[in-house]
1. Here are some residues: LEU404, LEU367. Which one is under 24 Å from GLN289 (Cα atoms) and buried (at least 16 other Cβ atoms within 10 Å of the Cβ)?
2. Looking at the structure I just gave you, is THR49 within 36 Å of the chain's Cα centre (by Cα), β-branched (Val, Ile, Thr) and part of a loop (DSSP other than H, G, I, E, B)?
3. Taking region 214-256, which residues are in a loop (DSSP other than H, G, I, E, B), more than 21 Å from GLU283 (Cβ to Cβ) and under 14 Å from the mean Cα position of the chain (by Cα)?
4. Read through the list (1) more than 21 Å from the chain's Cα centre (by Cα); (2) over 15 Å from PRO452 (Cα atoms); (3) not aromatic (Phe, Trp, Tyr), then give the number of the only condition that ILE379 fails.
5. Which members of region 607-618 meet the condition of being surrounded by fewer than 20 Cβ atoms within 10 Å (Cβ to Cβ) and under 24 Å from the mean Cα position of the chain (by Cα)?
6. Out of all the residues in region 346-354, is one or more at pLDDT 95 or above and either surrounded by 17 or more Cβ atoms within 10 Å (Cβ to Cβ) or in contact with a strand residue (DSSP E or B) (Cβ under 6 Å, 6 or more places away or on another chain) (or both)?
7. Please name all residue pairs, on different chains or six or more residues apart, with Cβ atoms under 7 Å, provided the first residue is in region 83-108 and is assigned by TED's automatic domain parsing to the domain that holds ASP66 and the second residue is hydroxyl-bearing (Ser, Thr, Tyr) and outside any strand (DSSP E or B).
8. Considering only residues of region 229-244 that are out of contact with any Leu (no Cβ under 7 Å at 6 or more places or on another chain) and crowded, with 24+ Cβ neighbours inside 10 Å, which is nearest to TRP559 (Cα to Cα)?
Amino acid sequence: PPGTPSYSVVHTKLSNSTGNSAVGTGTNDGEYWLYCEGDPDLLFTENETNTERLYGIPNNSPYVKDSINSYLLNGQHDAVNPAMKGTKVAVHYHLSLAAGATHTVQLRLSNQAPADMLPFDEAFTDIFSQRLHEADDFYRAVIPPDVSEDAANVQRQAFAGMLWSKQFYFYDVKIWLEGDPTQPPPPRERLHGRNHEWTHLYNADIISMPDKWEYPWYAAWDLAFHCVTFAFIDPDFAKEQLILMLREWYMHPNGQIPAYEWAFSDVNPPVHAWAAYHVYKIEQLLTGQGDRDFLEKIFQKLLLNFTWWVNRKDYEGQNVFQGGFLGLDNIGVFDRNQPLSDGSHIEQSDGTSWMGMYCLNMLTIALELAQQNRAYSDIASKFFEHFIYIAHAMNDLLVDGIELWDEEDGFYYDVLHYQDSRTIPLKVRSMVGLIPLFAITILESELINQLPSFKQRMQWFIDNWADIDKHMERMQEPGHSEHLLLSIVNREKLPRILKVMLDEAEFLSPYGLRALSRYHLEHPYTIELNGISHTVDYEPAESNSGLFGGNSNWRGPIWFPVNYLIIESLQTFYHFYGDALKVEFPTGSGNQLNLEEIAFALSQRLSSIFLRDEKGQRPVHGGVEKFQRDPYWRDLILFYEYFHGDIGAGIGASHQTGWTGLVANLIRMQSEEGQGQALMHEVTKMPG
């Protein structure tokens, strides 16, 4: 692909007149030098596989990839190249420190050659100090001035963590399947193994990682959330990332977006359009100018992806989508990514809801683009109508008795569909039943009136589609244009879902919303299939099952991305219903709040995971006294993958700033500069 970097790297050692060591690196971008204070040992080797150790095949050179390890740990001093050259080098300092003592090592990377360089003179100190001041100035411009010192510290580290999580990622699937010509051939089974359908995929880019320590590979839906935070500090990078996933050497020719390297064909929730519109609107809000060229590029490619979803994931053509595990790993009774052994399949509440949200995101973008190019009005009509089909499928009884809404419980469930056409709801109260809240938007009649062809087609559809009022609601305020609410969850169902969601004995935690109701702590859900019993119970911390490696858990902990989307949805509902709709918060408290107030309260609960409480403790640190009390550690924040459903302690990958970095957005939303909840509404409301 255009712009793919190629490197030819050779290291050599020189010493300059200052007595410091310098390591020279030649690349296609010119020469760079790493200056090392003092005279440490420089351990050179080649960045080549140790074939003798792995395969019993003699090495081409005695200096191989793991030679530095052999030198340091095994005392094999002949493992490194005495000629002081190679394609890999380590700087080895010998230090002897007394108890409690410290020692600082200074390194400097520069394109200035040793003859022209005094690497650690006063200029070094000045540059170091200047960079610190520049960083302070940058974050001073980004962080609202009215947030507390503690919250500003958390927000800055969240933004910094996003920047730190960038990584060069290189994966050529074709070479991986066929094998490196300089290495022994791989087993023939690899040609038909993992990712063999993705031979077009060639990745060689700087990409935002979920966690460079534990997950040093991109995940498409994680990355979409990353970009919504990146938009506040580097909107150009955010736009580049979203476009990158849709380029020909990433997106499959059939329109699927690659999931992650373990299995590119897995299915992630379709949040790319949502993220793209948010990045567009955030940049527009902060700079006064939205990048329409970016939005148009994204929209054109996402038409392919939307078509892939409709053609591949709608099992029986009824607008009920299966999708698979959809990023929620072990949330289901079964591994939703695998076919059931008896041929049954699951009609997924969340899969269908995600597609409803996708429709509305694409409708939003199409209407934004139609303001300057009326050709987009027709495709906007398509997404309006498709959303109504999906909303109907979610809420009305279909053939074979499929009904995702449970009238008795006031909740959405997955439905198990047996081969003999019998169906049974899988009554697990999980995030799966809350995701229908995500599919919501508001149409302003003022905008619709500017697009006559869209208005005409929409009116015809309204006149000819029975029961459309179940999925669309009108509101006219004195002195304002008419609003149209499109939502899977209508006015009748919304308070019933919120009653469960905002119950502290169910989803509502002191630190946000749990992914699985606490109800299942004492009431595990069990179903038997083919003589095998399957159970889901409440697990607020680590998973007790081995599904998806066992290092991820959606059966009770708090996850930021879905909490963020719920907050956003509540705000959108508020901007339609206003104070006309209030519910108890928490359920049973008698405390009536409107939905914007509830959204704000949820954002505060999520932020409080990282902030000092009344005892000076940060819930994120849990019971780790070193982090809670040590003055050198207590203000350093780790942005974990997910959080304990009851106490808010960080769990899972500990450096997953990734989507947990959304806390930076929430802190801004709570500030006066962010106009309270207004910013998120400005991002989510329809154009016009």
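The values are calculated or read from the model by the stated rules, or taken from the named source; none is laboratory data. Since the model is a prediction, treat every value here as computed from it, not as a measurement. In this analysis, Cβ positions are derived from the backbone assuming ideal geometry, glycine residues included, and neighbour counts consider all displayed protein chains.
1. Answer to the selection: LEU367.
2. On the way: within 36 Å of the chain's Cα centre (by Cα): yes; β-branched (Val, Ile, Thr): yes; part of a loop (DSSP other than H, G, I, E, B): yes.
Considered against the rule, which asks whether it is within 36 Å of the chain's Cα centre (by Cα), β-branched (Val, Ile, Thr) and part of a loop (DSSP other than H, G, I, E, B), THR49 comes out as yes.
3. Of everything in region 214-256, those that are in a loop (DSSP other than H, G, I, E, B), more than 21 Å from GLU283 (Cβ to Cβ) and under 14 Å from the mean Cα position of the chain (by Cα) turn out to be PRO216, TRP217, TYR218, ALA219.
4. Only one criterion in (1) more than 21 Å from the chain's Cα centre (by Cα); (2) over 15 Å from PRO452 (Cα atoms); (3) not aromatic (Phe, Trp, Tyr) is unmet by ILE379, namely (2).
5. Passing the criteria: SER608, LEU611.
6. Step one: of region 346-354, the residues at pLDDT 95 or above are none.
No, there is no match, as no residue in region 346-354 is at pLDDT 95 or above and either surrounded by 17 or more Cβ atoms within 10 Å (Cβ to Cβ) or in contact with a strand residue (DSSP E or B) (Cβ under 6 Å, 6 or more places away or on another chain) (or both).
7. Filtered contacts from region 83-108: GLY86/TYR63; VAL105/TYR93.
8. It comes out as PHE230.
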